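The values are calculated or read from the model by the stated rules, or taken from the named source; none is laboratory data. Note that the structure is a prediction, hence the values are computed from the model and not measured. As a convention, Cβ positions derive from the backbone with ideal geometry for all residues, glycine included, and neighbour counts pool all protein chains shown. These accessible areas exclude ligands, DNA and RNA; they are computed on the full protein's heavy atoms, side chains included. Shrake-Rupley method; radii C 1.70, N 1.55, O 1.52, S 1.80 Å.
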Amino acid sequence: MDDRQLPPGVVSVLSTGFEDGLQPWLDAIALPAPDGWERLAPDGRLADGIATHPADLLTDDEVLAGIAGLERIASWVTATQTRLMAEFATRRPHRRDPHGRLSNGSTVDEFAGEEIAAALTLAPSTGRRRLDWALTLAERLPRTLTAMERGEVTYAKALAIHEETSHLPTDALAGVERKILPGAADKTPGQLRRIVKQAVLDVDADSAQKRAEKARTERRVGVDAGADGMATFWAVLPAADALGLYARLSDLAHTNRGADDRSMDQLRADALVDLVWENAGSAAAPLVQIVVTEATLTGQDDTPAELLGYGPITAQTARRIAADGVWQALHADFTGAITGVGQKTYRPSAALARLIRARDRTCRWFGCRHPARTCDIDHTLHYPAGKTVTCNLACLCRRHHRVKTRDENRKTGWKMTQEPSGAITWTSPTGRAYVTQPHTIPKPAPPTMRRERTNSSPN
């Protein structure tokens, strides 16, 4: 075997003799001990050293050193893969049109990401994003990529740098990187993001203001379906508005804390719903369509229902919606196909609604003066067991509507009953009863009976 084919340590042993060359070679190939992990560069040797030491034989400090070392190795692996992806991109140049122009302005073939996705068993769109990310680091943020290779910048930190500088021209990035990378290893991703924001403002204040004005025009809200009958309601708002809204919700949550067993997160969520509904006006309740069987609605069975625009929901959730919203039944055949739309809805007729609001004037919770025109008209006894008639309807503000709906299926909680006269009895969790009467119009006083005097004289 030629000496050039041997590892450097072996060549050294052969050339210098056994006694002089063996120990340096053994030192070179020995796996690092735990007390040296934090001083080593992130690479395969460090990974081998950590992997070959049983975790249960390490001290607490050594376990932490191993965790930190693997985090730096993860950054190194990501950076190494990023460089390979960028190299792959150079091997897939974009095809030019007959005039030599790039159709989409990119120098990389539009399907290069698909090859990355196939190799990594990813969705095509994910492969394209991964390749775009690699090109961004390699071409626009080379110092950040080098810091990742050294284990000083994690993926999360590199992502923060990219997101905060994506709008900057390439020639301005080098100055930003020189400002932010020293000490980046000792900063959390959030701390580093704030430092990057400040650095961007220092080099591009005028453009930052223009971007802020443009970003404000993109404020919006949306809903994403979640699991178990839940959904995510989100909003993109100016930072000051978002922070102010969150602070307001927190204040309201603190005010109501201790009244029941809700957590602060639950209290904030409920406060948001209350704020929206209490300011939405009398026509606020939207029509919700649910596909549900009569048996499920009446509690005879628990066949799941479907909330249109969301998806399948449990029978219990369907019954709660029917009791707490304005809904319309949709008829389906045995295959689940919609065959008709119900003519009757949970919502009372306009004439009946006017009558209830005129009768109640305010929310029917004792002591609440919330005007009836902005209240929900709620069924005292669940529809369809309770009919949409005068003596089973009452005005409740959104807050007290929710209290009633939340507690009515609990053994301990507020209970509401209504008499044919419209009188409502609220029974508290402690068993005390409070009665509210509907407003009445005073009856006019009967006419005064007077005897007419006559001027006729007796005969």
Where in region 148-267 are there helices (runs of 4 or more DSSP H), lying wholly inside it, with at least 3 residues that are closer than 26 Å to residue 133 by Cα and either open to solvent by less than 40 Å² (accessible area, probe 1.4 Å) or at pLDDT 90 or above (or both)?
155-165, 170-180, 189-203
On the given criteria, is residue 362 modelled with pLDDT under 80 and under 25 Å from residue 400 (Cα atoms)?
no
Which of the residues spanning region 187-221 are within 28 Å of the chain's Cα centre (by Cα) and small (Gly, Ala, Ser)?
190, 208, 212, 215
Of (1) among the aliphatic types (A, V, I, L, M); (2) farther than 30 Å from residue 172 by Cα; (3) at pLDDT below 85, residue 120 fails just (3)
Among the residues of region 33-69, write down those that are closer than 20 Å to residue 156 by Cβ and surrounded by fewer than 16 Cβ atoms within 10 Å (Cβ to Cβ).
64, 67, 68
Tally of residues being in contact with an Asp or Glu (Cβ under 8 Å, 6 or more places away or on another chain), open to solvent by less than 50 Å² (accessible area, probe 1.4 Å) and without any contact (Cβ under 8 Å) to a residue 40 or more places away in the chain across region 379-400
3
Counting only residues that are open to solvent by less than 50 Å² (accessible area, probe 1.4 Å) and of a type in the set (D, E, K, R), which one in region 360-378 is nearest to the chain's Cα centre (by Cα)?
376
Evaluate region 54-64: report whether one residue or more is touching a helix residue (DSSP H, G or I) at 6+ places or on another chain (Cβ under 7 Å), assigned to a loop (DSSP other than H, G, I, E, B) and not hydrophobic (A, V, I, L, M, F, W, C).
no
Taking the criterion of being modelled with pLDDT of 80 or more, of a type outside the set (S, T, N, Q) and farther than 25 Å from residue 369 by Cβ, would at least one residue in region 418-430 satisfy it?
yes
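Of all the residues that make up region 37-53, how many are out of contact with any helix residue (DSSP H, G or I) (no Cβ under 7 Å at 6 or more places or on another chain) and not aliphatic (A, V, I, L, M)?
Looking only at that region, the number is 5.
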Residues located in region 142-166, provided they are closer than 13 Å to residue 196 by Cα and not acidic (Asp, Glu):
144, 157, 158, 159, 160, 161, 162, 165, 166
Is at least one residue of region 115-123 free of Cβ contacts under 8 Å to residues at least 40 places away in the same chain, in contact with a Phe, Trp or Tyr (Cβ under 8 Å, 6 or more places away or on another chain), open to solvent by 50 Å² or more (accessible area, probe 1.4 Å) and not aromatic (Phe, Trp, Tyr)?
yes
